[in-house]
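The values are calculated or read from the model by the stated rules, or taken from the named source; none is laboratory data. Note that this is a predicted model, so its numbers are computed, not measured. Note that we place each Cβ from the backbone using ideal geometry, even for glycine, and neighbour counts take in every protein chain shown.
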Amino acid sequence: MGKDEKREVIIDVQNVSLTYETNTKPITALEDINLQIKKGEFLCVLGPSGCGKSTLLKIIAGYIIPTTGSCLMQGEPIKGPDWHRGVVFQSPTLYPWMSVRKNIEYGPRVRSLPQDEIKRIGQHYLEQVGLIEFGDKATFELSGGMKQRVALARALANEPEVILMDEPFGALDALTRVNMQTLIRNIWKDTKSTIFMITHDIDEALSLGTKVVVMSKTPGKILKEFSLDFTYTAMTNKNGRVKVGEEYIKIKEEIVDIISQ
Ligand SMILES: Nc1ncnc2c1ncn2[C@@H]1O[C@H](COP(=O)(O)OP(=O)(O)OP(=O)(O)O)[C@@H](O)[C@H]1O
C-alpha cells in the first residue's frame, strides 16, 4: 500500500453527473464522475476545453449541486460554498476599494475573528506570498502576478481544508507563471494543505501534482489518474525545477495521447 492510499479522504465525489438546463437543449457537462481527494494531495485536473473541469470545481466548491450522485466533504454532503474550501480563479476577483492587506484580511474579518488574530493572519499571508511591502497599496496598482498572489493569500487566510484553483496562472506570462508554480509548491509543502487545481498545461500538472486526473471531452468523464512524485524532486533540485527524464516524457506523451483521442 502506497502512502497516499492510507491518507484520509477529504472530498469524495460519488457517481456525479451534471446537466445544465438551457433555453435550447440540456447540456450534460459531467457523466458519472468518481473521484477521491485525500488529505495533503496536490491534485491537478487536465482535459480538453469544455470537458467540464470548471463544472467539477464548482460542484466541489458548493456553487452548484450535482444533477445525480453526491459530493461529500469529510463524510458530509456539500450543500453550498463554505470557507473550509477556498477558491482561486484565473482572473482574481479582488475588492478594488480595499488595500492589499484588507483584501487578505477579508475572510477572517467576516468570520469575526479577534482583531489581533486578523492582523496576525494578514501579516503572515502577506509574507507568505512575498507582498509584505505592498500591504497598503490599492489592488489596481499591482501587476497580474501580484494580484494573483493576493487572491491566493486571501484564500489561504481562511486556512481552508482544501484550496480549489481554476487555471490560476493561465493569464500570466511564462516567467511569472514559473515563479507562481514554485510559490504554490512551497506553500503546499509548508501548510500541508490539500489542493485541487485545473490547468491546461501538462508540464504544470506534472511538475506540481501528486495526482493528475485526465478527463475526456464533453460529457466529461475521468479517463485516467496518475500518481506522481515529480514535484518532490523539484523541491530537492537546486534550481527548484523538475528533472525531465525518460519517465516524465513517457507520462507526458501518454497524457497527450489521451487528451487528443
Ligand atoms: N452555466 C452554464 N449553462 C449552460 N452550459 C454551461 C454552463 N457552464 C458550463 N456549461 C457548458 O458545460 C460544458 C462544460 O463547461 P466547463 O466550463 O465546466 O468546461 P471546462 O473544461 O472548464 O472548459 P475550459 O477548459 O474551456 O475552461 C461546456 O459545454 C459548457 O458550454
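Here GLU159 meets the list (1) part of a loop (DSSP other than H, G, I, E, B); (2) modelled with pLDDT under 95; (3) in contact with a Lys or Arg (Cβ under 9 Å, 6 or more places away or on another chain); (4) surrounded by fewer than 22 Cβ atoms within 10 Å (Cβ to Cβ) almost entirely, failing just condition (3). Could you please let me know if PHE226 is buried (at least 17 other Cβ atoms within 10 Å of the Cβ), aromatic (Phe, Trp, Tyr) and within 16 Å of the ligand (Cβ to nearest atom)? So PHE226 fails the test.
For every residue, the table says whether it meets (1) within 16 Å of the ligand (Cβ to nearest atom); (2) of a type in the set (Phe, Trp, Tyr); (3) under 19 Å from ILE187 (Cβ atoms); (4) buried (at least 16 other Cβ atoms within 10 Å of the Cβ).
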{"position": "GLU8", "(1), (2), (3), (4)": "no, no, no, no"}
{"position": "VAL16", "(1), (2), (3), (4)": "yes, no, no, yes"}
{"position": "LYS39", "(1), (2), (3), (4)": "no, no, yes, yes"}
{"position": "GLY50", "(1), (2), (3), (4)": "yes, no, no, no"}
{"position": "ILE59", "(1), (2), (3), (4)": "yes, no, no, yes"}
{"position": "VAL87", "(1), (2), (3), (4)": "yes, no, yes, yes"}
{"position": "GLN90", "(1), (2), (3), (4)": "yes, no, yes, yes"}
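Consider LEU46 carefully, then state whether it is in contact with a His (Cβ under 9 Å, 6 or more places away or on another chain), under 30 Å from GLY145 (Cβ atoms) and within 16 Å of the ligand (Cβ to nearest atom). Criteria met by LEU46. Restricting the first member to the stretch 94-116 and to residues that are under 14 Å from PHE140 (Cα atoms) and at pLDDT 95 or above, and the second to residues that are surrounded by 14 or more Cβ atoms within 10 Å (Cβ to Cβ) and among the basic types (Lys, Arg), the beta-carbon pairs closer than 6 Å and six or more apart or on different chains are VAL100/LYS137; ASN103/ARG154. Any residue at all in the stretch 61-68 that is within 14 Å of the chain's Cα centre (by Cα), under 30 Å from LYS6 (Cα atoms), within 16 Å of the ligand (Cβ to nearest atom) and surrounded by fewer than 22 Cβ atoms within 10 Å (Cβ to Cβ)? Yes, because at least one residue in the stretch 61-68 is within 14 Å of the chain's Cα centre (by Cα), under 30 Å from LYS6 (Cα atoms), within 16 Å of the ligand (Cβ to nearest atom) and surrounded by fewer than 22 Cβ atoms within 10 Å (Cβ to Cβ). Comparison of ILE187, ILE202, ILE195 shows that the only residue that is more than 16 Å from the ligand (Cβ to nearest atom), within 16 Å of the chain's Cα centre (by Cα) and within 22 Å of LYS58 (Cα to Cα) is ILE195.
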